[in-house]
Amino acid sequence: MRVVIAPDKFKGSLSAPDVARHLEAGLQRACGGNLEVLRIPVADGGEGTLDAAVGSGFTRRSAVVSGPTGAPIRAEFAVRGREAVIEMAAASGLAVLPGGGGGRPDSDSANGASSKGTGELIRAALDAGCRQIILGVGGSANTDGGAGVLQGLGAKLLDADGNELPPGGAALARLDWIDFSGFDSRLDEARFVLASDVDNPLLGAQGAAAIFGPQKGATPEDVAALDAALARFVDVLCAEIGPRARKAADAPGAGAAGGVGYAAIAVLAATRRPGIDVVLEFTGLAERLAGADLVITGEGSLDEQTLLGKTPVGVARAARRAKVPVVAVCGRSVLTPEQISSSGFLAVHALTELESNVDTCITDAAALLERLGRQLGEQLANVAHSAQGARALDSAPGKETLSV
């Protein structure tokens with residue numbers, strides 16, 4: 001029997017590769033090591049996208065880049081031939097803020113954090129010979145409209161006196177012109193995909209500053225100032241590259257990652273696509289489902305957000321097209337039976353079914369996932385004698401089923 005394990009991370013607990021590894025350990029223990037298991041870590045374009053790429057044959061690379069507050073950090077990206085996957089959070093994320101990091105932003109970082117390191121990672125990918133670049137966004141610390149990305153690629157942001165602006169979104173209020181003379185010429189050959197589920201515009205009540213700024217430490221006063229500074233950025237960029245800069249500010253996804261989506265669309269001509277679609281494509285999940293008897297997917301929490309196209313639903317759709325039954329595992333689930341069924345899951349199993357204490361589920365997720373994997377493996381073993389194996393998962397009378 002062949003099982004494909006394609007989970008996202010359990011945020012705050014385990015990475016997607018670790019989730020898959022522990023599930024397989026439980027499955028194999030129950031089946032005497034006789035299962036053929038294919039582990040395919042996946043993600044939705046944000047945190048975990050790099051792991052998904054490496055799990056699909058990309059090679060990890062690293063470069064020293066400017067962190068969100070300018071301090072040098074080492075950030076990873078992934079390369080496969082001429083294709084690169086960049087996880088923006090590795091260079092410009094909340095989790096790499098200094099002074100404790102881990103997502104502890106304040107007003108200073110909200111105003112001063114820059115996406116420059118992401119631009120430097122793109123340049124490192126160009127150095128590696130890549131010309132097809134997937135930019136996975138999410139978890140960013142900056143609200144700079146992607147101005148830092150442009151700086152990392154060689155542009156200079158200048159005030160009226162010709163002085164370079166300091167990093168961060170707030171400084172854009174003083175932007176007078178942009179010098180693109182040092183912009184990396186290799187970008188003319190590059191093609192970008194913006195992997196993002198965010199459809200917010202850059203400016204206004206639904207824009208980058210208003211919606212995401214408070215999560216990054218911005219006060220109400222900061223939000224208003226940052227939005228005005230981003231509007232100034234649009235005006236100046238429009239004067240430099242033409243009307244497409246203004247049109248891009250209203251494009252769905254322009255507000256993603258503190259406005260990095262805006263710079264990617266306006267200057268790098270990026271095509272925005274749902275993150276899960278991008279990841280499933282470069283992992284080749286659809287092709288790798290051939291001959292599978294069961295797919296196991298999941299993430300830390302199955303909830304209303306899951307239904308909006310997060311990783312498990314994307315995997316379920318691919319499994320449904322391949323006519324392979326799919327079950328989900330998670331830390332906790334608040335989905336109704338109707339929602340579970342309509343999403344394409346045969347069943348959902350949560351760690352909270354094994355351990356009622358949520359904190360324990362987080363700290364002991366590895367052991368609990370192995371227990372859950374063993375349960376699923378035992379159920380698989382019980383139907384292994386069936387000619388249809390795990391495909392006999394329906395409830396038709398007279399058929400042995402897997403009660404997952």
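Residue-by-condition table, conditions (1) outside any strand (DSSP E or B); (2) of a type in the set (A, V, I, L, M):
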| site | (1), (2) |
| --- | --- |
| Gly298 | no, no |
| Val313 | yes, yes |
| Leu335 | yes, yes |
| Cys361 | yes, no |
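Show the residue pairs meeting these rules: Cβ distance below 6 Å; 6+ apart or different chains; first residue within region 188-208 and of a type in the set (Asp, Glu); second residue surrounded by fewer than 24 Cβ atoms within 10 Å (Cβ to Cβ).
Filtered contacts from region 188-208: Glu189/Arg131; Asp197/Pro274; Asp199/Pro252.
With Ala95, Ala91 as the choices, which residue is in a helix (DSSP H, G or I), surrounded by fewer than 17 Cβ atoms within 10 Å (Cβ to Cβ) and either assigned by TED's automatic domain parsing to the domain that holds Thr219 or not hydrophobic (A, V, I, L, M, F, W, C) (or both)?
Ala95
Of the residues that sit in region 279-296 and are within 16 Å of the chain's Cα centre (by Cα) and closer than 24 Å to Ala350 by Cβ, which one is surrounded by the most Cβ atoms within 10 Å (Cβ to Cβ)?
Val279
In this structure, does Gly70 turn out to be buried (at least 23 other Cβ atoms within 10 Å of the Cβ), over 28 Å from Gln375 (Cβ atoms) and touching a residue at least 24 places away in the same chain (Cβ under 8 Å)?
Answer is no for this residue.
Would you be able to say whether some residue in region 290-304 is among the acidic types (Asp, Glu) and within 30 Å of Leu153 (Cβ to Cβ)?
no
For Phe233, only one of the following conditions fails: (1) at positive phi; (2) surrounded by 24 or more Cβ atoms within 10 Å (Cβ to Cβ); (3) more than 25 Å from the chain's Cα centre (by Cα). What is its number?
Here Phe233 clears every test but (1).
Does region 257-276 hold any residues that are modelled with pLDDT of 95 or more, closer than 20 Å to Gly139 by Cβ and in a helix (DSSP H, G or I), and which are they?
Ala257, Gly258, Gly259, Val260, Gly261, Tyr262, Ala263, Ala264, Ile265
Mind counting the residues in region 42-57 that are in contact (Cβ under 8 Å) with a residue 60 or more places away in the chain and either crowded, with 22+ Cβ neighbours inside 10 Å or not in a loop (DSSP other than H, G, I, E, B) (or both)?
10
The values are calculated or read from the model by the stated rules, or taken from the named source; none is laboratory data. Only a predicted model underlies this, so the values are computations on that prediction, with no experimental measurement involved. Backbone-built Cβ (ideal geometry, glycine too); neighbour counts: all protein chains shown.
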